[in-house]
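Everything on this sheet refers to the single structure shown next.
The values are calculated or read from the model by the stated rules, or taken from the named source; none is laboratory data. No experiment lies behind these values; they were computed from the predicted model shown. A quick note on method: Cβ atoms are made from the backbone with ideal geometry, for glycine too, and the neighbour counts reach across all protein chains shown. Note: accessible area is taken over every heavy atom of the protein model, side chains too, but ligands, DNA and RNA are not part of it. Shrake-Rupley method; radii C 1.70, N 1.55, O 1.52, S 1.80 Å.
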Amino acid sequence: MKKQLHAIFLTLATCLGLYAQQPKKPNASEIYESIKKLNFLGSVLYVAAHPDDENTRLISYMSNEVKARTAYLSLTRGDGGQNLIGPEIRELLGVIRTQELLTARQIDGGEQRFTRANDFGYSKHPDETLQIWNKDEVLSDVVLAIRQFKPDVIINRFDHRSPGSTHGHHTSSAILSVEAFDLVNDSSKYQEQLNSTTVWQPKRLFFNTSWWFYGSEEKFEKANKSNLLSFDIGTYYPSKGLSNTEIASLSRSQHKSQGFGNTGTRGSQMEYIELIKGDMPNDGSNIFEGINTTWTRVKDGEAIGNIMKNVEEHYNFQNPSASIPQLKEAYKLIQNLEDTHWKTIKTEEIKQIIAACAGLYLEAAADTNHATAGSSVQLNIEAINRSNANIKLQSFTINNTKTDKNVELANNVNQKFQESLTIDSQQQPTTPYWLTSKGTLGMYQVDDKSLIGKPETPRTFNVTFNLTIEGTPISFTRPVIYKTNDPVKGEVYKPFEIIPEASAKVAEKVIIFDNDEEKQVSVIVKSGINNLQGQVQLAHPKGWTVFPEKQTVNIQHKGAEQTVVFTIIPPKHQDEGLITPMVHVGDQIYTRELIEIDYDHIPFQTVLLPSESKIVRLDIKKIGQNIGYIEGAGDVIPESLQQIGYNVITINPENISEDTLRYFDAIVVGVRAYNTVDALKFKQQLLFDYVANGGNMIVQYNTNHRLKTDHLAPYKLELSRDRVTDELAEVAFLEPKHELLNFPNKINEHDFEGWTQERGLYFPNSWGKEFTPILEMHDKGDSKKKGSLLVAKYGKGYYIYTGLSFFREFPAGVPGAYRLFANMLSIGKEDIKTDNPLND
Ligand SMILES: [Zn+2]
């Protein structure tokens, strides 16, 4: 699956030159568009909750057609979603989705911001969301984003007036945006922010409505639209050879981890926004009406506007460098502006335009992508001017140290330099700044307040090229990168990053002991240097025994790994805790795990997290031995059941037959199998026959949207969208004497402790009288749900349907989830109890 996605993306990326990692090389048309953008001084901030919530059509339209500075403020990084392209979940998925948003913005021309809010999973109501998030901190971050970005107009993706109608994060994003609109200009609010920014008042706030919010297209047609602005966002850009909607699809298709590949459309298409705050423009398609968006907006800007108007009118598509003398004059005037906000923004824009007009290429490549604190790397520096402009390289600044060069950059003569870069011995390793301290369920902890809102950790190592262009000093800063040639992909860029001398991880994240026998545990040590010599210990909870106490590691090559094995003896009773490998090198102790995330559509990511694995001693009994597993959308049922001693065989659905099924004590169907596996449509009767002959069949959650079969169960069973998102919600036993709650494990309330993210989802809400509901639970303020665990006798066997989130609880090593699942597998098998040697 992953390979296939890569292959598809490779083709797309190669056609469009869209590798996220590569430097931009604008052509003459793109330069011209940037000049037009330089001459527009207006800003739009789009606000929603998750990566993929944003309307890329509107963002692209504002950025490319209106030419406004456009940013998307996503309150979260999308950690709570599912990953369709790889194994990363939670904070690592948040890292991927952050980069997917940045790549999307490179395509649609927007900027990207975040708050410290964590996407903790589904939430039904903003009241719940705003309790789990620290409302004041998130509001503060929204206020900060507005004060820093200074938008004239804010557009919310969601409606703040309809709590409960969508994800609580969605409505919360709109509520906070509306609240912030009235606070940002008040200097008594979030005063500490005013040390680094200033108050600001946006002029208007809109809600990005659509027919969908009205229930149907017909209803929307008839609705009163006097409060709505509309734009035709299907506009065509000859300079790009693309419609706005085609750009939007390319941008949206970067949400690959969510499977949001999107096909471009062409032709006129209307987009609507509803005024929430501020005055209604008379022109129903101009959100900037009454706002000065020309250079006269800033004091002393008029002269710049006059020069730039001239540059725009006389731009030479055959020779963009002809504009350099005038651009240089505009650059000088911009340096004198008192308005530091626009000065900073427009300086950066005009520098990029000047560099592009001159065909100026500046790069600093390290000879390695990874280095450690205290080491030195070689930098290969390239500087070339591909125009007749008079450009001189005066000096480099590296690590605050200036080296004079005084080299003429003559037209198309490549200048190469080698410099050495020394990494400070106290330099911290590279990692996403929001993951360096432990946060809460709802919030990231960011200790360095200057980083709040930034999409990613700013690059530590840069080279500044101090040039004179036509006699005017202009400096360009480039991050140090690493590049290599891949025989298949060609030129591949990677960020240059600092890693620790040693990192380590336990091979498995959860290790289950289903009895008191010892287990061997592998620890993988990775070296960041040549000739690493050290010793590894395994920190562990009391009551557990680990031996030997220390293992020696000796790794010759930087980047290489060595595996050492420890033996762990669990306690006699049920218990759980964490183990952490500690690598001693000299007087340093390294306790973190180095995670590398490598996909073609986003830059290579290095993440350092505390190295931890969970160990669980389970008090568990089980009947039956051989489990057949039918894979759905992907869960860890096979590994998890193997950990507690079952023999699990994955069955190809095409091969389901009376003969193959006979072998198994129980069949477990993976999550959403009836949404994703076509073959199951024709195999249901065989599975039901297997149950009738004495087998157990356990079906995990499916959604009622696009079910492959009308016969999910041998009896009537209707799925709903009922879910219990509070993982602490009380669980009542409807049938306390039922076998499922008593055999072979006696289930009690402790078995529902320590659950993660939610209780379960997509519970059935209507079923035949043959089913017995076992549990009842509900979220605060919601009705009681009885459909989380349903069991029915069918012939000699049992059919069980469960929306309980075993797929989340197993990887988190939740003991009660394992004990209850063992009962589900064991139901009806009292008689064969003695056959199983694994039971004590
Ligand atoms: Zn969302």
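Observations, loosely collected:
- Oblate is the label for the stretch 694-840. Its Cα gyration tensor axes, ordered a ≥ b ≥ c, give a/c of at least 1.5 and b/c at or above a/b.
- Cα shape, the stretch 636-704, gyration tensor, a/c 1.5 rule: oblate
- Since only Ile354, Leu379, Asn369 are under comparison, the one whose Cα sits farthest along the positive direction of the charge dipole of the stretch 340-387, derived from C-beta charges on Lys, Arg, Asp and Glu, is Ile354.
- With contacts taken as Cα pairs under 8 Å and at least 6 residues apart, the stretch 123-249 reaches a relative contact order of 26 percent.
- Relative contact order %, the chain, counting alpha carbon pairs below 8 Å whose residues are six or more apart: 9 percent
- Per-peptide average of other Cβ atoms within 10 Å, ordering 484-495, 536-547 highest first: 536-547, 484-495
- Burial ranking of peptide ranges 513-522, 250-259, 671-680 (average Cβ count within 10 Å, highest at the top): 250-259, 671-680, 513-522
- Overall shape of the stretch 110-217 was characterised from the C-alpha gyration tensor. The equivalent ellipsoid obtained from it has semi-axes of 25, 17, 11 Å, in decreasing order.
- Estimated dipole of the stretch 518-656 in Debye, rounded to 20 [Cβ of Lys and Arg +1, of Asp and Glu -1, Cα centre]: 580 debye
- Annotation: per residue accessible area for the chain equals 43 Å², rounded to a whole number [probe 1.4 Å, protein chains only].
- Remark: spin-label model distance Lys225-Lys332 equals 5.1 nm, labels positioned 7 Å along the Cα→Cβ axis.
- In sequence order, calculated HN-Hα J values of the stretch 773-785 (Karplus, 6.51, -1.76, 1.60; Hz; x Gly/Pro): x, 9, 10, 9, 7, 6, 7, 3, x, 9, 6, 6, 10
- With every protein chain in place, the chain: carbon and sulfur % of accessible area (1.4 Å): 47 percent
- Helical mean residue ellipticity (222 nm; -39500 (n - 2.57) per DSSP H run of 4+; nearest 500) of the chain: -6500 deg cm²/dmol
- Ser188 accessible area, assembled protein chains, probe 1.4 Å, Å²: 70 Å²
- Beta bridge orientation in the chain: antiparallel %, DSSP, nearest 5: 70 percent
- Positive dipole terminus of the chain, leading residue within Leu608, Pro571, Tyr493 (C-beta point charges): Tyr493
- Restraint check, Lys737/Lys780; Lys25/Lys256; Lys494/Lys519; Lys124/Lys793; Lys36/Lys150; Lys542/Lys786, Cα-Cα greater than 30 Å: Lys494/Lys519; Lys124/Lys793; Lys542/Lys786
- Overall form of the stretch 454-539 per C-alpha gyration tensor (a/c, 1.5; a/b vs b/c): prolate
- Percentage relative contact order, the stretch 598-720, counting C-alpha pairs under 8 Å, at least six apart: 23 percent
- Residues Val95, Val199, sorted by accessible area with the largest first, give Val199, Val95 [1.4 Å probe; ligands and nucleic acids excluded].
- Size of electric dipole in the chain: Cβ of Lys, Arg +1 and of Asp, Glu -1, about Cα centre, debye, nearest 20: 1060 debye
- Cross-link partners of Lys392 among lysines, defined as those whose alpha carbon lies under 20 angstrom from its own and excluding same-chain residues fewer than eight positions apart: Lys328, Lys332, Lys351, Lys402, Lys405, Lys416.
- Highest mean packing comes first when the peptides 162-171, 656-665, 116-125 are listed by Cβ atoms within 10 Å, giving 116-125, 162-171, 656-665.
- Charge-dipole axis of the chain as Lys and Arg at +1 and Asp and Glu at -1 on Cβ define it, positive-most pick from Asn647, Ser657, Gly121: Gly121
- Taking Thr98, Thr477 and ordering them by how much accessible surface each has at a 1.4 Å probe, largest first, produces Thr477, Thr98.
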